[in-house]
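Student: I'd like to ask you about the structure that follows.
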Amino acid sequence: MIATNTSAPSIPVKKKYPPIQPDWISKTLAGCILGFLLALSLSGIFAWLGPGGLEAPNKSQFNMWIVPPIWLTVFSLVYFFRSGLRAWLWLGGATLLAMAILFLTRYLMGAL
Amino acid sequence: MIRGPILRIYKTVHTWTGLIGGMALFICFYAGALTMFKEPLDRWATPVDPDRQWVSEEQMPQLISAVLASYPDAARSFTVHIQPKENMPAPITWRKPLTEERGGPSEAWWATLNPAGEVKGALERFRQILHEALEGLAPHGFQLKNLHTSWLLFPRFKGSFILDFLVDFLSVNRDFFRGIDTNSYLIPFYPEDRECHVITNH
């Protein structure tokens, strides 16, 4: 973004970003707890709806080992949120959505 | 281009991740080293039991047949320790599985010949610890003594429960490793070690 000034040569002006709050405890907890729940839910969705469904041989290994990569990705990126509250709201929303999909899947596929 | 505030936050994340991860790795590597060298450490930390009865190489066949006759459980798989080792209670040891499950819980047993040439076998470790705990109370009749010595922190305790559980838990793979001859790791410590594993299909 270029700001123009009539009295001086134009100079680039840094875009104003909203300030970022460290919020160490709440962000860490969000990454740890919600990241884990989100990873579990996504792994569950994959287990039900991914290739081969529940019965694919040895798929349980992938289902199990995909949890930590997702978890740690969320955990490591959670500090980009502007505040702890936003982290909890976004991740909580994503987790609830994933869990809802998972339980809906289980319901529709006759496990509940 | 990463903004300054984010960079500062992630520097702190880096520091703490490094600290926590470093401690976890330290525990892993320490436990791994202890597991790898459990047997030499065990032997190193075990005083020789003066009452222990070993058997000459000529008597081994006699001992083996006597053990197989008296303890049919040993027929599945047993180990003959041809040279005396400090941490071995007797020339023949075997593990008796307590469940059908592969790699499940098992008891450690040993057997030797007494001077009269009779076979003498016993359950190692935990019953042993009980015996020793009761030694002061019970009338002296037990011949079972000092079979397993805790090898790490409490050499005064003859087998500390928690450490043995921990070590056993960590060293489940030891026999597997030995099966594919990583024994070469252990041999430099005690070049005179000779033992043979007898595995029969029962």
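The values are calculated or read from the model by the stated rules, or taken from the named source; none is laboratory data. On a predicted model such as this, the values are computed, not experimentally measured, just so you know. As a convention, Cβ positions derive from the backbone with ideal geometry for all residues, glycine included, and neighbour counts pool all protein chains shown.
Student: I'd like the full set of residues that are loosely packed, with under 13 Cβ neighbours inside 10 Å and either among the acidic types (Asp, Glu) or in contact (Cβ under 8 Å) with a residue 24 or more places away in the chain (or both), limited to the range A:43-61.
Tutor: Result: A:Glu55, single match.
Student: Does B:Ile27 fit the bill of being part of a helix (DSSP H, G or I), closer than 30 Å to A:Lys27 by Cα and under 24 Å from the mean Cα position of the chain (by Cα)?
Tutor: Here the answer is yes, as B:Ile27 does meet what is asked.
Student: In the range B:33-40, is there at least one residue being more than 11 Å from chain A (Cβ to nearest Cβ) and not in a helix (DSSP H, G or I)?
Tutor: Yes, there is a match, as at least one residue in the range B:33-40 is more than 11 Å from chain A (Cβ to nearest Cβ) and not in a helix (DSSP H, G or I).
Student: Of all residues in the range B:50-73, how many are of a type in the set (D, E, K, R) and either at pLDDT 85 or above or under 16 Å from B:Asn114 (Cβ atoms) (or both)?
Tutor: 2
Student: Restricting to the range B:17-32, give me the number of residues that are within 14 Å of chain A (Cβ to nearest Cβ) and in contact with a helix residue (DSSP H, G or I) (Cβ under 9 Å, 6 or more places away or on another chain).
Tutor: 1
Student: Are there any pairs, at least 6 apart or on different chains, whose C-beta atoms fall under 8 Å, with the first in the range A:70-90 and away from chain B (no Cβ under 14 Å) and the second outside any helix (DSSP H, G or I), and if so, which?
Tutor: From residues that are away from chain B (no Cβ under 14 Å), the pairs are A:Leu85/A:Asp23; A:Trp90/A:Phe81.
This table checks each residue for (1) closer than 17 Å to B:Ala66 by Cβ; (2) at pLDDT 75 or above.
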position: B:Val80; (1), (2): yes, yes
position: B:Gly103; (1), (2): no, no
position: B:Trp110; (1), (2): yes, yes
position: B:Lys120; (1), (2): yes, no
position: B:Leu123; (1), (2): no, no
position: B:Glu132; (1), (2): no, no
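Student: Another question about this same structure. Going by the structure shown, is B:Asp49 more than 14 Å from every other protein chain (Cβ to nearest Cβ), over 30 Å from A:Leu77 (Cα atoms), of a type in the set (D, E, K, R) and in a helix (DSSP H, G or I)?
Tutor: On the way: more than 14 Å from every other protein chain (Cβ to nearest Cβ): yes; over 30 Å from A:Leu77 (Cα atoms): yes; of a type in the set (D, E, K, R): yes; in a helix (DSSP H, G or I): no.
Against the criterion (more than 14 Å from every other protein chain (Cβ to nearest Cβ), over 30 Å from A:Leu77 (Cα atoms), of a type in the set (D, E, K, R) and in a helix (DSSP H, G or I)), B:Asp49 does not qualify.
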